[in-house]
1. Taking 4 °C and 1.567 mPa s as the conditions, I'd like the Stokes-Einstein D for the chain in µm²/s, using the Kirkwood hydrodynamic radius from alpha carbon pairs.
2. Work out, step by step, the length gained on full extension between Gln54 and Val15: first 0.36 nm times the residue separation, then minus their alpha carbon distance; give nm to one decimal.
3. Filter Lys50/Lys88; Lys33/Lys74; Lys47/Lys88 down to the pairs with a C-alpha to C-alpha distance above 19 Å, please.
4. Excluding Ser63 itself, calculate the net charge of residues whose Cβ lies under 10 Å from the Cβ of Ser63, where each Lys or Arg counts +1 and each Asp or Glu counts -1.
5. What does segment 36-85 give for Rg and for Dmax, in Å, if only its C-alpha atoms count?
6. Report relative contact order for the chain in percent, whole number only (criteria: Cα-Cα under 8 Å, sequence separation at least 6).
7. So what are the ³J(HN,Hα) numbers for segment 84-91, from phi and the Karplus equation (6.51, -1.76, 1.60; θ = phi - 60°), rounded to whole Hz, Gly and Pro as x?
8. Got a sec to turn the phi values of segment 48-65 into Karplus ³J(HN,Hα) couplings, 6.51 cos²θ - 1.76 cosθ + 1.60 with θ = phi - 60°, whole Hz, x for Gly and Pro?
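The values are calculated or read from the model by the stated rules, or taken from the named source; none is laboratory data. This one's a predicted model, so the numbers in the text were calculated from it and none came from an experiment. All Cβ positions, glycine included, derive from the backbone under ideal geometry; neighbour counts span all protein chains shown. Quick note on the areas: whole protein, heavy atoms, side chains included, nothing else; ligands and nucleic acids left out. Shrake-Rupley method; radii C 1.70, N 1.55, O 1.52, S 1.80 Å.
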Amino acid sequence: MEAIILSKDQYAELVSRLDEITTRLNAKNEPKKDTFLDNQEFLILMKISKRTAQTWRDEGRISFSQVGNKIYYKLSDVEKLLNEHYNKSFAKK
């Protein structure tokens with residue numbers, strides 16, 4: 001086995017870089033904060049009318065938050081809605 005000798009400064013730089021890499025990896029593993037869409041963004045994303053969004057809220061299809069007159073949706077709730085209505089193709093390969 002070959003031995004590698006580092007100066008004190010080189011060792012400190014190496015440890016510093018390893019700490020930086022560890023910090024970046026840990027940041028990627030942290031749970032993502034939920035992103036909120038306002039009503040207009042939701043309408044554009046889903047390509048639906050205001051009335052359809054209102055119906056979905058009234059029927060409990062999509063969860064939402066309301067602050068004053070402004071309505072917000074969690075992106076995770078939108079994804080959940082889409083996943084619940086996902087249909088696999090019938091084609092066989």
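1. Diffusion coefficient, whole number: 72 µm²/s.
2. 8.5 nm
3. Lys50/Lys88; Lys47/Lys88
4. Residues close to Ser63 contribute a combined charge of +3.
5. Values for segment 36-85 (Cα only, Rg and Dmax): 9.9, 30 Å.
6. 25
7. Working through the residues one at a time gives 5, 10, 6, 10, 6, 5, 9, 5 Hz.
8. 10, 8, 4, 5, 5, 4, 4, 4, 4, 5, 4, 7, x, 5, 10, 7, 7, 10
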